[in-house]
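Data first, discussion second: the structure below is written as structure tokens.
The values are calculated or read from the model by the stated rules, or taken from the named source; none is laboratory data. The structure presented is a predicted model; accordingly, all values stated were derived computationally and were not measured. Methodologically, a virtual Cβ is constructed for each residue, glycine included, from the backbone with ideal geometry; neighbour enumeration extends over all protein chains shown. In case anyone asks, the SASA skips ligands and DNA or RNA and just uses the protein heavy atoms, side chains included. Shrake-Rupley method; radii C 1.70, N 1.55, O 1.52, S 1.80 Å.
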Amino acid sequence: MSSGIDLGAVPLNWTVVGTGDFNGDGVSDILWRDTAGDLAIWLMNSTGQEASGTTYPQIPTTWSVAATGDFDGNGTSDILWLDTSGNLGVWLMNGLAVSSQISLGNGRYELAGARRERGLRAAEPPPLAVNIRAFGPASG
């Protein structure tokens, strides 16, 4: 690697599933998931090093991270989940804490696109808005 930051060795059963600014400091953080279902957030600092983090253990592997974005407009990233049965849910985050879990119901969903909305402060990137289309109840 000619430039960049070395984050060290990460076990092969962990994969990056998203990024976002989970603590509102203007620096992108890393969202990880392992093959057992554990989810982890690494809060990164301005030099690109892990400043702190947390792990949310044993989330059923039938659920996957569909997107991250500031869905509640509070200036921090949230997590959009989709399961294999068509259930959609959101974790509204406040830093590393899940402040609320919202079920958006069951159906066939398509993440139709994402766009940036106007930011809360001029120095921050605008929050991400995801357009979700529902196609009616899942058949099965």
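Return a yes/no flag: does region 45-56 have any residue that is of a type in the set (Val, Ile, Thr) and surrounded by 15 or more Cβ atoms within 10 Å (Cβ to Cβ). Full working, then the answer.
First, pick out the residues of region 45-56 that are of a type in the set (Val, Ile, Thr): 47, 54-55.
Now drop any that are not surrounded by 15 or more Cβ atoms within 10 Å (Cβ to Cβ), which leaves none.
No; the residues of region 45-56 include none that is of a type in the set (Val, Ile, Thr) and surrounded by 15 or more Cβ atoms within 10 Å (Cβ to Cβ).
Can you tell me which residue is nearest to Ser28 (Cα to Cα) among those in region 64-101 that are open to solvent by 70 Å² or more (accessible area, probe 1.4 Å) and part of a strand (DSSP E or B)?
So, considering only residues that are open to solvent by 70 Å² or more (accessible area, probe 1.4 Å) and part of a strand (DSSP E or B), the one nearest to Ser28 (Cα to Cα) is Asn94.
Considering every residue within region 106-113, establish whether at least one is in a strand (DSSP E or B), among the aromatic types (Phe, Trp, Tyr) and either open to solvent by less than 70 Å² (accessible area, probe 1.4 Å) or modelled with pLDDT under 60 (or both). So that I can check it myself, show each step before the final result.
In the first step, residues of region 106-113 are kept if they are in a strand (DSSP E or B); the result is 106, 109-113.
Those still in the list that are among the aromatic types (Phe, Trp, Tyr) too: 109.
Applying the additional criterion that residues be either open to solvent by less than 70 Å² (accessible area, probe 1.4 Å) or modelled with pLDDT under 60 (or both) yields 109.
Yes; the residues of region 106-113 include at least one that is in a strand (DSSP E or B), among the aromatic types (Phe, Trp, Tyr) and either open to solvent by less than 70 Å² (accessible area, probe 1.4 Å) or modelled with pLDDT under 60 (or both).
In region 1-44, what residues are among the β-branched types (Val, Ile, Thr), in contact (Cβ under 8 Å) with a residue 40 or more places away in the chain, open to solvent by 30 Å² or more (accessible area, probe 1.4 Å) and in contact with a strand residue (DSSP E or B) (Cβ under 7 Å, 6 or more places away or on another chain)?
Our first condition is that a residue be among the β-branched types (Val, Ile, Thr); within region 1-44, this holds for 5, 10, 15-17, 19, 27, 30, 35, 41.
In the following step, the residues that additionally are in contact (Cβ under 8 Å) with a residue 40 or more places away in the chain were identified as 5, 17, 19, 41.
Narrowing the set further to residues that are open to solvent by 30 Å² or more (accessible area, probe 1.4 Å) leaves 5, 17, 19.
Listed by number, the residues that qualify are Val17, Thr19.
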